[in-house]
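> To start, I am sharing the structure in question, which I have written as structure tokens.
Where a number appears in this text, it was derived from the coordinates with a stated rule and is not lab data. What you are looking at is a predicted structure, and each value in this text was computed from that prediction instead of being measured. Counting neighbours? That spans all protein chains shown, and the Cβs are built from the backbone with ideal geometry, glycine included.
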Amino acid sequence: MFCDMQRRQYRKQGFFVVDDAVDPDMLQPLLAAVMRAKQKVRSGKVDLYTHRSADGEPWAIRGLFAPEMNEPIFAEYLMSEPVMKYVRPFLGTRLQLGGALIFTNPYQADYGFGWHRDFGGNERDGSYRVEMKILKRPQRSLKWHLALVDDECLQIVPGSHKRYRTAHERRCLLEERHDDISGQYAVPLKAGQTAFWSGNLIHRGVMKRDVERLTLAGSWSMYAPGGEPTETDPRLKWMLADNVRGFLPKAMRPLYDRWREGQKADRGLNG
Ligand SMILES: [Fe+2]
């Protein structure tokens, strides 16, 4: 259950780890669904949006709510009470979608994306003033990793979510993206554990080809009505397709509609 200690750790260090953010009965079915999804993508049967290593192996798989993926458990999990009881204290009850993706290990080579902050289209080499302004934006979303097998791939620099980068960190963020950073911490997740963490943290994923990674990443966002619709993130354009909404659980459709309201593109795109 979410408690003050976790809130403090999230505020100070930018993350916390819990054992109870997933229904234990859902763990094995989720693991099986993740393995099937990986197989569908590797075999070329499904590919809605896949991040691939240089040799074409998937390391991040999107499209989990799509009927083509045919794995309704991913949407059920996102809507489940053990997830929501951690989401509500951060975002309240008026939510909009959210997403889910699988992080996995390519089989042909070790793989790492390198140090970054999840800044989207914001300036990545800002002055102190510019970077601190980005870091101090009100929190509008919450993200997490659920490990379905033991996973230590996520490395973070605890506390870096609320301070300007050092000169060495700048070099690691922009140039030598695979150098070590003093104080880096590989978040050790046992199967079934969930790490909630801030995308403002300086972080990277370090994957070994012979260490299986089957981790489900999820997020929810706060509903923001009345804004100007914006261009859809290319990684999410598959969600605009006409067949996605009807495949979601009924309770999730209004949350999908709130997300859809904020998208500029017309209905019917297949992304
Ligand atoms: Fe990231």
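> Tell me the Kirkwood hydrodynamic radius of region 4-261 in angstroms, computed as one over the mean inverse distance between distinct C-alpha pairs.
Its Kirkwood hydrodynamic radius stands at 19.0 Å.
> Per residue of the chain, what 222 nm ellipticity follows from adding -39500 (n - 2.57) for every DSSP H run with n ≥ 4, rounded to the nearest 500? If you can, show how the numbers build up before the last one.
On the way: 7 runs with 72 residues, N = 271.
Taken over the chain, the calculation gives -8000 deg cm²/dmol.
> Moving on to the next point. Net charge near Leu255, counting Lys/Arg +1 and Asp/Glu -1 over other residues with Cβ under 13 Å of its Cβ? Don't skip to the answer; put the middle values down first.
Details: positive: Arg94, Arg245, Lys250, Arg253, Arg258, Arg260; negative: Asp257, Glu261.
Residues near Leu255 contribute +4 overall.
> All other residues with a Cβ under 15 Å from the Cβ of Tyr111 taken together, and with Lys, Arg as +1 and Asp, Glu as -1, what is their net charge?
Working: positive: Lys38, Arg42, Arg52, Arg177, Arg204, Lys208, Arg209, Arg213; negative: Asp55, Glu57, Asp110, Asp151, Glu152, Asp210, Glu212.
That works out to +1.
> Return the lysines within reach of Lys143: Cα separation strictly under 16 angstrom, same-chain partners fewer than 8 residues apart disregarded; answer none if there are no such residues.
Lys85
> Who wins for biggest fluctuation among Ala60, Ala241, Ala217 in a Gaussian network model of the chain, springs between alpha carbons below 10 Å?
Most flexible of the set in this elastic network: Ala241.
> Still on this structure: In nm, what is the difference between 0.36 nm times the number of residues separating Arg88 and Lys12 and their Cα-Cα distance? Walk me through the numbers on the way to the answer.
On the way: separation 76, 0.36 × 76 = 27.36 nm, distance 1.97 nm.
Length difference between fully extended and current span is 25.4 nm.
> Straight distance only, please: which aspartates and glutamates reach the Cα of Lys264 with their own Cα at less than 14 Å, same-chain residues fewer than 8 apart left out?
In chain and number order, the partners are Glu228, Glu231, Asp233.
> Let me ask something else. For all pairs of alpha-carbon atoms in region 204-271, what percent lies in each bin of width 10 Å, listed from the first bin to the last filled one?
Answer for region 204-271: a P(r) of 16, 41, 25, 16, 2 percent.
> Something else about it: Can you tell me which of 76-84, 198-206 comes out highest on packing, and rank the rest after it, using the mean Cβ neighbours within 10 Å? Walk me through the numbers before you get to the answer.
Values: 76-84: 17.3, 198-206: 21.0.
Packing order, densest peptide first, comes out as 198-206, 76-84.
> Give me, ordered by chain and number, the residues 5 or more places off Asp150 or on other chains with an amide H under 5 Å from its own placed amide H.
Sorted by chain and number, the residues that satisfy this are Ala191.
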